[in-house]
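The values are calculated or read from the model by the stated rules, or taken from the named source; none is laboratory data. This structure is a prediction, so every number in the text was calculated from the model and none was measured. Positions of Cβ are generated from backbone atoms using ideal geometry, with glycine treated the same way; all protein chains shown enter the neighbour counts. These area figures cover heavy atoms from the full protein model, side chains too; ligands, DNA and RNA do not enter into them. Shrake-Rupley method; radii C 1.70, N 1.55, O 1.52, S 1.80 Å.
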Amino acid sequence: MYKRRRDIEVFFRFLKQELNFSHFLSLNENGIRVVLYMTVITAMPVMIYKRENRIGYETAVRRMRIELENLIMAIVAVESGGDVKKADLDDP
């Protein structure tokens, strides 16, 4: 366990600094676990996107946010009967 101490410290520093996991939304053990799991699960697609595109973490977060917003807007346009090409959106 002592040999892995540095890896554990780096992991918790990543949670606190990059994912803003510094305040607990719940005080019971189950609530803390749920928030921790949600945070880690949310970070995984960002880390995969970062690795695939060879960019920094903040750039990956920013680009993913833009791409997800565009995808959501295109889906809303299609579902409401609109034309995605008129709104300069990619076809979902």
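Below are the figures for this structure:
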quantity	calculated
Accessible area in the full protein assembly, largest first, 1.4 Å probe, for 80, 22	80, 22
Protein-only accessible surface order, largest first, of 14, 24 at 1.4 Å	24, 14
Average accessible area per residue (Å²) across the chain - probe 1.4 Å, nucleic acids and ligands excluded	87
Between 0 and 90°, nearest 10: helix 5-17 axis offset from the chain longest Cα axis	40
Residue order for 32, 41 - accessible surface, 1.4 angstrom probe, largest first	41, 32
Label point distance in nm, residue 66-residue 29, each placed 7 Å from Cα along Cα→Cβ	4.5
Relative contact order of the chain, pairs being alpha-carbon contacts under 8 Å that are 6 or more residues apart, as %	13
Within the chain: Cβ-based charge dipole about Cα centre, in debye rounded to nearest 20 (Lys, Arg +1; Asp, Glu -1)	760
Estimated 222 nm signal from helices in the chain, with DSSP H stretches of n ≥ 4 weighted -39500 (n - 2.57), rounded to 500	-23000 deg cm²/dmol
Accessible surface of segment 1-80 [probe 1.4 Å, protein heavy atoms]: carbon and sulfur percent	59
Stokes-Einstein D in µm²/s, Kirkwood radius over Cα pairs - the chain at 25 °C with 0.890 mPa s viscosity	154
